[in-house]
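Notes follow once the structure below has been shown.
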Amino acid sequence: MKALIISADNFEDSELLYPYYRLKEEGVEVDIASIKKGAIKGKHGYEVDANKDLRGIHAAEYDLLLLPGGSAPEAIRKEKEATEIAKHFFVNNKPVSAICHGPQTLITAGLLKGRHATCYKSVAPEMKEAGAIL
């Protein structure tokens, strides 16, 4: 199994790090993709290496998508590659986990209409407007 985490600077540290290490503990290969390769820094100072650039991602290679929250989704949702990757996962019925503000990427990709979803309270109005069932 292979998982993809998409994030950027100002991610919520626990929302990226906890799933990352739990997946690795279970033997899952995990890549972290961002706007560019290199270190990305969390809101609370933790750094992780984005070993992939969004432009180099082939979504078909992955079985699971994780979109952590924090302020990072506000930047990630502006990247066409990120929304295209999310669309691939939905079209192919692959698991997607979007935590806290993470659903903002799914909203931008137009993927939540008629779907049950949850998010951080400040994202809820936008999610409702996108047609999600909260």
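The values are calculated or read from the model by the stated rules, or taken from the named source; none is laboratory data. From a predicted model like this one, the values you see are computed outputs, not experimental measurements. Heads up, the Cβs are rebuilt from the backbone with ideal geometry, glycines too, and the neighbour counts pull from every protein chain shown. SASA here: full protein model, heavy atoms, side chains in, ligands and nucleic acids out. Shrake-Rupley method; radii C 1.70, N 1.55, O 1.52, S 1.80 Å.
Roughly what % antiparallel, to the nearest 5, for the DSSP beta bridges in region 1-128? Before the final figure, lay out each step's value.
Working: 5 of 19 bridges.
Here the antiparallel bridges make up roughly 25 percent for region 1-128.
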5 Å is the cut-off here: which amide hydrogens, built 1.01 Å from N in the peptide plane, fall below it relative to S97, excluding neighbours closer than 5 in sequence? L65, L66, L67
In whole percent, the fraction of accessible protein surface over the chain that belongs to carbon or sulfur atoms, probe radius 1.4 Å, stands at 49 percent
With x for Gly and Pro, the residue-by-residue ³J(HN,Hα) of region 18-32, computed from phi through the Karplus equation 6.51 cos²θ - 1.76 cosθ + 1.60 at θ = phi - 60° and given in whole Hz, is 4, x, 4, 6, 5, 4, 4, 4, 8, x, 7, 6, 10, 10, 10
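Rank by packing, highest mean first: peptides 22-32, 89-99, with packing defined as the count of other Cβ atoms within 10 Å averaged across residues. Working shown, then result.
Working: 22-32: 13.7, 89-99: 15.4.
So the order, starting with the most tightly packed, is 89-99, 22-32.
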Cα gyration tensor shape for region 1-80, rounded if a/c is under 1.5, else prolate or oblate: oblate
Between region 81-114 and region 37-76, how many Å separate their Cα centres? 14 Å
Around G69 (Cβ within 11 Å, Cβ-to-Cβ, excluding G69; K/R +1, D/E -1) the net charge comes to -3
Spelling out what I want: for every residue of region 84-96, take phi, set θ = phi - 60°, compute 6.51 cos²θ - 1.76 cosθ + 1.60 (Karplus), and round to whole Hz; glycine and proline get x. 5, 4, 4, 4, 4, 5, 5, 4, 9, 6, 8, x, 10
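Relative to 2.2 N^0.38 Å, what does the C-alpha radius of gyration of the chain come to as a ratio? Two decimals please.
On the way: Rg = 13.6 Å, N = 134, 2.2 N^0.38 = 14.1 Å.
Taking the Cα Rg and dividing by 2.2 N^0.38 Å, one obtains 0.96.
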Excluding ligands, DNA and RNA, what is the solvent-accessible area per residue of the chain at a probe of 1.4 Å, expressed in Å²? 52 Å²
DSSP-loop trypsin sites (Lys or Arg not before Pro) across region 54-93, with at most 16 other Cβ within 10 angstrom: K78
